[in-house]
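Written below as structure tokens is the structure these notes are about.
The values are calculated or read from the model by the stated rules, or taken from the named source; none is laboratory data. Predicted model, so just to flag it, every value in this text is computed and none were measured. Glycine gets a Cβ as well: all are built from the backbone with ideal geometry, and neighbour counts include every protein chain shown. All accessible areas refer to the heavy atoms of the entire protein, side chains included, with ligands and DNA or RNA removed. Shrake-Rupley method; radii C 1.70, N 1.55, O 1.52, S 1.80 Å.
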Amino acid sequence: MTLASRSLIPICSKTFLSPLRVASLLSFPEKSSTTFFRRHQIHHLFSTSTTPLFAPVKCSTLETEVQAVSRPNVVDILQERGLLESVTSENLRSACSDPNVAPLKVYCGFDPTAESLHLGNLLGIIVLSWFQRCGHQAVGLIGGATGRVGDPSGKSLERPELDALTLEKNIAGIKNILVKILGGNASSYVIFNNYDWWKDMIMLDFLKKVGRFARVGVMMAKESVKKRLESEQGMSYTEFSYQLLQGYDFVHLFDKEGVNVQIGGSDQWGNITAGTDLIRKILQTEEAAYGLTFPLLLKNDGTKFGKSEDGAIWLSPSMLSPYKFYQYFFSVPDVDVIRFLKTLTFLSLDEIKIVEDEMRRPGYVPNSAQMKLAEEVTRFVHGEEGLKEAIKATEALRPGAETKLDWNLIERIAEDIPTCSLPIDRVSGVSIVDVSVSAGLFESKSAARRTLKQGGVYMNNQRVDDENKRVEEEDIVEGKGLVLSSGKKNKVVIRIS
């Protein structure tokens, strides 16, 4: 192998880099040095200010007086809503609203570890959208290259390696989600794939362009690195280099695309400051590059918000239906709902204060605030049609609902609740007690009879009062099936096989 070969040592090769353990490369730890940027902790303040998004102001020059547009201060908005953790410089606050400064280009990275983004990624999209709404350009960066490495932040084990076909599928899925949510005004967002600038870079170029500016002591001091080095598994050189790859992404976007702000969750602080540090050292520019982080999405008890009993809350309707997505937010406890209205919706703080006040009043209808939260977040992620579908399915699955079930609606519901197939002779003309046991709704006939006597058995949302009721031909929706329910939550779709 010759050093001149451009194809034998690609920088994104896990095969070459992964086996190397960081601890084995360092016989003694280098004293950690401080990073160039000081971390500014932000206290979360809330206000009910209703400052309009765009207010014209007059700016005078020597030649002429022109009308300039004063952009709302997005940093202040994020702070008021509890969406701000840290910034690399307080100058970002003035830069984002100064009418004499060009709109910012703000990026957030998404590694293609799955075919869909999940609820943990939603805050990044929401913060990007706030920048959009305040007159700046949103940039979504898909990690086609960094996804081949894997971000060690918050991980106790190295991510499994993905094959090229899976990566391409994941990249396409994530791009579709970002376009759908951020789209509307094509000029207000752009999407890049970092594989486009990493695919031709070789190891020697990387070491020359980036490596010589990186201080090992600073890299070792990053929280994500320290935790992994202290663990039993240690850390591969591949993962150790991740912060430089993400850091150079910021250098490339700053230099070639004019992107001047990177945002991310609070666990991304080390990777973000690696980028701002590299921009200062490599480009030696006087222009400012900023980093901003937001808090991770947590429940009131400190546990991560975004997981259900069935796993991640996906943003793609092909992996989680709008109905189930809606239901997840509908089930948020009262103690969390106001905070999530502030962080996950674009309702004004005045509107949220009204909801909060209503919750304290006598006669408050339980879950009204949760319904508002579910509607707003579902509309943002799945659009108006997705929200209509979720509400229709929710209403259709409510025992006693007046919504008439048709088979198309039942088919959509069947994606989210247990389903079974029974031959027609085990359904039509058979007692509902026997059918409900055959379908798995009850473990025994005695349990079915007991619930039926208590008024808890429904067929196609209609309560069954007669213990001797038999399923008739007209009960089978369009001759294809029916829905049986026990109480509000236990349901089964029976298909006629």
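Tabulated results
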{"item": "Single residue of segment 352-370 satisfying the filter (open to solvent by 80 Å² or more (accessible area, probe 1.4 Å) and among the β-branched types (V, I, T)) that is nearest to S331 (Cα to Cα)", "result": "V365"}
{"item": "Test: residue in segment 158-178 that is part of a helix (DSSP H, G or I), β-branched (V, I, T), open to solvent by 10 Å² or more (accessible area, probe 1.4 Å) and modelled with pLDDT under 95", "result": "yes"}
{"item": "Single condition L441 does not satisfy, out of (1) surrounded by 15 or more Cβ atoms within 10 Å (Cβ to Cβ); (2) touching a Ser or Thr at 6+ places or on another chain (Cβ under 6 Å); (3) free of Cβ contacts under 8 Å to residues at least 12 places away in the same chain", "result": "(3)"}
{"item": "Any chance G120 is surrounded by 13 or more Cβ atoms within 10 Å (Cβ to Cβ), modelled with pLDDT of 95 or more and not hydroxyl-bearing (S, T, Y)", "result": "no"}
{"item": "Residue in segment 342-351 that is surrounded by fewer than 17 Cβ atoms within 10 Å (Cβ to Cβ), free of Cβ contacts under 8 Å to residues at least 24 places away in the same chain and in contact with a Leu (Cβ under 9 Å, 6 or more places away or on another chain) present", "result": "yes"}
{"item": "Any hit, segment 206-224, residues being polar (S, T, N, Q), open to solvent by less than 50 Å² (accessible area, probe 1.4 Å) and not in a helix (DSSP H, G or I)", "result": "no"}
{"item": "Near pairs, Cβ below 7 angstrom, 6+ apart or cross-chain, from segment 468-490 (outside the structural domain of V427 (by the TED database)) to any residue that is at pLDDT 85 or above and among the aliphatic types (A, V, I, L, M)", "result": "none"}
{"item": "Matching residues, segment 452-474, being open to solvent by less than 30 Å² (accessible area, probe 1.4 Å) and in a helix (DSSP H, G or I)", "result": "L452"}
{"item": "Conditions (1) touching a residue at least 40 places away in the same chain (Cβ under 8 Å); (2) β-branched (V, I, T); (3) assigned to a loop (DSSP other than H, G, I, E, B): number failed by V365", "result": "(1)"}
{"item": "Matching residues, segment 368-383, being of a type outside the set (A, V, I, L, M) and either within 13 Å of Y326 (Cβ to Cβ) or part of a loop (DSSP other than H, G, I, E, B) (or both)", "result": "Q370, K372, E375, E376, T378, R379, F380, H382, G383"}
{"item": "Residue among S436, S421, S428 that is assigned to a helix (DSSP H, G or I), over 19 Å from Y326 (Cα atoms) and among the small types (G, A, S)", "result": "S436"}
{"item": "Residue satisfying all of: in segment 80-110; open to solvent by 40 Å² or more (accessible area, probe 1.4 Å) and assigned to a loop (DSSP other than H, G, I, E, B); modelled with the highest pLDDT among these", "result": "E85"}
{"item": "L387 vs. criteria surrounded by 14 or more Cβ atoms within 10 Å (Cβ to Cβ), modelled with pLDDT of 90 or more and under 30 Å from D475 (Cα atoms)", "result": "yes"}
{"item": "Boolean, R93 is more than 22 Å from N271 (Cα to Cα) and of a type in the set (K, R)", "result": "no"}
{"item": "Selection count where residues are surrounded by 16 or more Cβ atoms within 10 Å (Cβ to Cβ) and either more than 18 Å from the chain's Cα centre (by Cα) or farther than 17 Å from I177 by Cα (or both), scope segment 311-325", "result": "2"}
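Results for (1) part of a loop (DSSP other than H, G, I, E, B); (2) closer than 30 Å to L104 by Cβ; (3) assigned by the TED database to the domain that holds F206, shown as yes or no for each residue.
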residue: Q233; (1), (2), (3): yes, no, yes
residue: T238; (1), (2), (3): no, no, yes
residue: I279; (1), (2), (3): no, yes, yes
residue: I282; (1), (2), (3): no, yes, yes
residue: E286; (1), (2), (3): yes, yes, yes
residue: N300; (1), (2), (3): yes, no, no
residue: V332; (1), (2), (3): yes, no, no
residue: V335; (1), (2), (3): no, no, no
